[in-house]
Amino acid sequence: MKRRDFIKIVSLSGGGLILAGFVPSVFAGNDSNGNNFQGDDPDKKGVFAPGVFVRIDSTGLVTIIVAKSEMGQGVYTALPMIVAEELDVDWEKIVIQQAPAGKEFGSQTTGGSTSVRFSFDNLRKAGATARMMLISAAALVWKTEGSNLYTENGFVIDRISGKKLSYGELVDTASGLPVPSDVKLKDPKDYKLIGKKTHRKDTPPKIYGTALFGIDVKLPGMLYAAVKRNPLAGLGFNSYDFADAMKVNGVVDFAEISGKIAVIAKSTWQAFKAAEKIAVDWQKGPANEMSTQKLREFCISKLDEPMEVIKSEGKSRSEIDKNLKMIQADFELPYLAHAPIEPMNCTAEFKDGKMEIWAPTQNPQGVRKSVAQLLKLSEDDVRVNVTFMGGGFGRRLASDFALEAAEISYKIKKPVKVTWTREDDMRHGIYRPFSFHRLRGAVNNDGGIEFFGHHVISSSIWGQQSGNNPSPKDAGIAEGTTEIPYKTAGFHIEGTTVRNHVPLAYWRSVFHSQNPFAVESFIDELAHSAGADPLEFRIKNLHNNPRLLHVIKRAAELSDWGSKRPDGTGVGIAVFEGYDSYCAEVAEVTAAGARIKVNKFWGVIDCGLVVNPDTVEAQMEGAIIFALTAALKGKITFSNGTVDQSNYDDYPVLSYDECPAIQIEIVSSSEKVGGVGEVGIAACAPALCNAVFAASGKRMRVLPLNG
Amino acid sequence: MPEYKLKINGEVKTVNTDADTPLLWVLRDELGLTGTKFGCGKGLCGSCTVLINDEAERSCSVEVSKLQDKEILTIEGLARDREHPIFKSWIEFEASQCGYCQPGQIMTVLSLFNKHGKPSDADIETALTGVLCRCGTYPRIKKAVDQLFENRG
């Protein structure tokens, strides 16, 4: 095929396509064949690139670009499925590549259970646009009407003559065509791929050990760095002595970076060893006085104080009939770490005034921006390649680890990989906030909720990150408190924010990992106070919400809710609506003395139209296990302002033998695509603790249970 | 720095490194065998599991100087046979999410696979309990492993 100039088209985040002189970036990272690639420049061969998400070369090879981060949730499969569906290509023959940070991709932030939910329409258009242009190209070649043509498995076919042309043969012609502004999308009833259980494209390279994670990056001439950080977050050093560290074999240099000290060596192990030998006099501050115990005492003292009202509807507490029993319960949740198994790491190379970064990040655009700001570079001179990552869970939305690598490389003018030890990761993390909750409520003589009050005390994540001091109403801490799915005659939400030095993070489902625990546990307490079955009580008091009602009923049926269970064994239910999805979970536990054995979890999710049911099921399983780890074991505590935990021995995560049986059901639906990744978190801890109550009569209001 | 000859995936490799370097870092930094993963550095998470003389071992906790004359197998060595029943079972049940712990899970299962006709549930549980997964793939690993050994009869 003759080489020619190609018209490059940029897809705007809004979905509109414009023609532009855009030269696609040189990609680096993983492809789905298990190859780590660099410098795959689509300009080197004939390619048809209508938009930034699809490339087809003259051999018919279809490359689909994933602009979200694959951290286990399955975007390497689900997002290309959407494109491939509309493009009508053979799923087995496509190759998937990771996009670097780039404004042309729209938001690349991977979080908030948004990847499939918010990309769905845009990616359908990307696939359909390419398909329509290929049909137009074939119509030109055959001098016929497009309406006579259809597509199937990578071919355009003439309905009348039966003639066929492969997409590869049409690349040249299609590249010269104008991009249609309006494309017809498939009728969902014609989907062949969307909705089918589809094998993950990233599984083979991951299980063969060939997938490129951040920690696996190796550049020519690269050095290895470890970093010493003040155990008291936010402060730097007064002085340090590097003499002993310098004696460690392989140590070549050290660098001061933003209040931290980096040691640079010829291997990771040498860097780790040397870092331990740097003697540092760290800055101290008032935060040295902080401890979990003091924080707890302070928050408990605040629980009963009237605080800023976030939402108040219907009757106030003083208006409730004094003959009704007002119950009250306090709940408490700790700080948590994300503790992904791949510790924080990042590789950077500063060369000829430009910075190139290889980061396991959920937020490549954020890394690009923050590196540019720190080093006073133009964003155009900062390139961020996204690798696979060994778990994200919100930890990798922050850019701290990438800034370290960038700053070191900038100073030593050599490529460098920074690797955190597990201890670094545990002690210098960013943490899910603690929270305290006081709930008050009363049930009327008709079994309805007469009053529901909730005072939440926590810290504002975005407030800290933005440097603002938002009021409790705007602090985010009330997420999951103000919209509960039940009818109430009186509803009253108050909030108190606490500020301290502990760096905060978004953690899978954010405040939905805590507020629904208090709410759904307390709904159970209200049911019991009224002598009602917790399932019936929920159904009776539910707002008109057919989708939530359906998942509740299905969870009850699957778990055989009303059946007689052995003494000491009980079931508990909790429900959640969020991220445009609906979820109910039932836990069955056996309580023997202080020991709690989790036998089984049932989870039902309605997330609207499903792209890949297999990854939805896996995400629900994973969310339950992630939340169960937190509910049973997770706790980060502070003494003298510093984190007490250090590794998986004192911050344990659920292991194989502790994992309950899990049964997931996905509701078949053609509703708008909902979120998935975080949906299964919220109902887990309350279902668990409600089951413990059913099994033992003991209310568990403080997490973790084994803390 | 002393020189060590290591037998890895059936080949003899020569490395010059400090005697106390854990096998994990020799594999990853010296030999480019990055399929073996670093998770905790203390034998707590199992992501760095390799076979040493057919036993599943934590490569983060074995010093390079202790490995003369031993046969080391990593995920890359096993993956020369992409048709291995473990891989097939892992793909069938989609046991991987982020994938980071999976080489350690697979090498742990391989030690059972190479040893027993059919390990007991307790053997499987004991072996896999030492390999942590943060994504929560245990239910699928269980299905994959159960089928693996059922197929063997």
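The values are calculated or read from the model by the stated rules, or taken from the named source; none is laboratory data. On a predicted model such as this, the values are computed, not experimentally measured, just so you know. Here Cβ is always computed from backbone atoms with ideal geometry, including for glycine, and neighbour counts include all displayed protein chains. Each accessible area value is taken on the protein alone, full model and side chains, heavy atoms only, with ligands, DNA and RNA left out. Shrake-Rupley method; radii C 1.70, N 1.55, O 1.52, S 1.80 Å.
Below is a table of values for the structure above.
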read-out	value
Failed condition for B:Ile75, given (1) over 19 Å from A:Trp269 (Cβ atoms); (2) in contact with a Leu (Cβ under 6 Å, 6 or more places away or on another chain); (3) among the β-branched types (Val, Ile, Thr)	(2)
Some residue of the range B:59-69 being in the same structural domain as B:Lys143 (by TED's automatic domain parsing) and over 14 Å from B:Lys37 (Cβ atoms)	no
Any chance A:Asn385 is open to solvent by 30 Å² or more (accessible area, probe 1.4 Å) and among the polar types (S, T, N, Q)	no
A:Phe350 being under 27 Å from A:Ser655 (Cβ atoms) and either out of contact with any Pro (no Cβ under 8 Å at 6 or more places or on another chain) or not assigned by TED's automatic domain parsing to the domain that holds A:Val66 (or both)	no
Any pair with Cβ under 6 angstrom, 6 or more apart, that starts in the range A:222-240 at a residue that is away from chain B (no Cβ under 14 Å) and touching a residue at least 12 places away in the same chain (Cβ under 8 Å) and ends at one that is of a type in the set (D, E, K, R) and open to solvent by less than 10 Å² (accessible area, probe 1.4 Å)	A:Val227/A:Glu404
Any chance A:Val571 is in the same structural domain as A:Asn599 (by TED's automatic domain parsing) and assigned to a strand (DSSP E or B)	yes
First in the range A:385-400 and within 10 Å of chain B (Cβ to nearest Cβ), second anywhere and β-branched (Val, Ile, Thr) and open to solvent by less than 10 Å² (accessible area, probe 1.4 Å), Cβ under 6 Å, 6 or more apart	A:Gly390/A:Ile341; A:Gly391/A:Ile341
Residue in the range A:480-492 that is assigned to a loop (DSSP other than H, G, I, E, B), among the polar types (S, T, N, Q) and either over 24 Å from A:Ile666 (Cα atoms) or not assigned by TED's automatic domain parsing to the domain that holds A:Leu688 (or both) present	yes
Some residue of the range A:261-269 being surrounded by fewer than 19 Cβ atoms within 10 Å (Cβ to Cβ), among the basic types (Lys, Arg) and within 14 Å of chain B (Cβ to nearest Cβ)	yes
Where a residue in the range B:38-59 is within 12 Å of chain A (Cβ to nearest Cβ) and closer than 20 Å to A:Lys273 by Cβ and its partner, wherever it lies, is among the charged types (D, E, K, R) and in a strand (DSSP E or B), with Cβ under 8 Å and at least six apart	B:Gly43/B:Arg58; B:Cys48/B:Arg58
Only one of A:Phe434, A:Phe401, A:Phe393 that is open to solvent by less than 10 Å² (accessible area, probe 1.4 Å), closer than 30 Å to A:Asp524 by Cα, under 21 Å from the mean Cα position of the chain (by Cα) and of a type in the set (A, V, I, L, M, F, W, C)	A:Phe434
Qualifying residue in the range B:63-80 (condition: farther than 25 Å from B:Val26 by Cα, more than 7 Å from chain A (Cβ to nearest Cβ) and either in contact (Cβ under 8 Å) with a residue 60 or more places away in the chain or surrounded by fewer than 22 Cβ atoms within 10 Å (Cβ to Cβ) (or both))	no
Answer residue from the range A:590-613, given it is away from chain B (no Cβ under 14 Å) and not in a strand (DSSP E or B) and is most open to solvent (accessible area, probe 1.4 Å) among those	A:Ala594
Lone unmet requirement of (1) acidic (Asp, Glu); (2) modelled with pLDDT of 95 or more; (3) in the same structural domain as B:Trp25 (by TED's automatic domain parsing) for B:Glu94	(3)
Selection within the range B:99-146 - under 16 Å from A:Ala661 (Cβ atoms) and away from chain A (no Cβ under 12 Å)	B:Asp146
Strands (runs of 3 or more DSSP E) contained entirely in the range A:201-277, each with at least 2 residues that are modelled with pLDDT under 95	none
Index of the failed condition, A:Trp462 passing every other in (1) closer than 23 Å to A:Ile300 by Cβ; (2) under 20 Å from the mean Cα position of the chain (by Cα)	(1)
Residues within the range A:84-121 that are open to solvent by less than 30 Å² (accessible area, probe 1.4 Å) and either in contact with an Asp or Glu (Cβ under 7 Å, 6 or more places away or on another chain) or among the acidic types (Asp, Glu) (or both), tallied	7
Residue identified as in contact (Cβ under 8 Å) with a residue 40 or more places away in the chain, away from chain B (no Cβ under 14 Å) and part of a loop (DSSP other than H, G, I, E, B) among A:Ser136, A:Ser181, A:Ser119	A:Ser181
Selected residue (only one of A:Gly162, A:Gly195, A:Gly234, A:Gly221 is open to solvent by 20 Å² or more (accessible area, probe 1.4 Å), touching a His at 6+ places or on another chain (Cβ under 8 Å) and at positive phi)	A:Gly234
Members of the range A:324-348 that are within 11 Å of chain B (Cβ to nearest Cβ) and either open to solvent by 10 Å² or more (accessible area, probe 1.4 Å) or not in a loop (DSSP other than H, G, I, E, B) (or both)	A:Asn345
Any hit, the range A:68-78, residues being surrounded by fewer than 18 Cβ atoms within 10 Å (Cβ to Cβ) and either among the small types (Gly, Ala, Ser) or at pLDDT 90 or above (or both)	no
Which listed residue is part of a loop (DSSP other than H, G, I, E, B), hydrophobic (A, V, I, L, M, F, W, C) and farther than 21 Å from A:Asp524 by Cβ, from A:Val616, A:Val676	A:Val676
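Quick grid of which residues meet (1) out of contact with any strand residue (DSSP E or B) (no Cβ under 9 Å at 6 or more places or on another chain); (2) part of a loop (DSSP other than H, G, I, E, B); (3) at positive phi; (4) modelled with pLDDT of 95 or more:
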position	(1), (2), (3), (4)
A:Phe626	yes, no, no, yes
A:Ala630	no, no, no, yes
A:Gly634	no, yes, no, yes
A:Asn647	yes, yes, no, yes
A:Asp650	yes, yes, no, yes
A:Asp657	yes, no, no, yes
A:Ser669	no, yes, no, yes
A:Lys672	yes, yes, no, yes
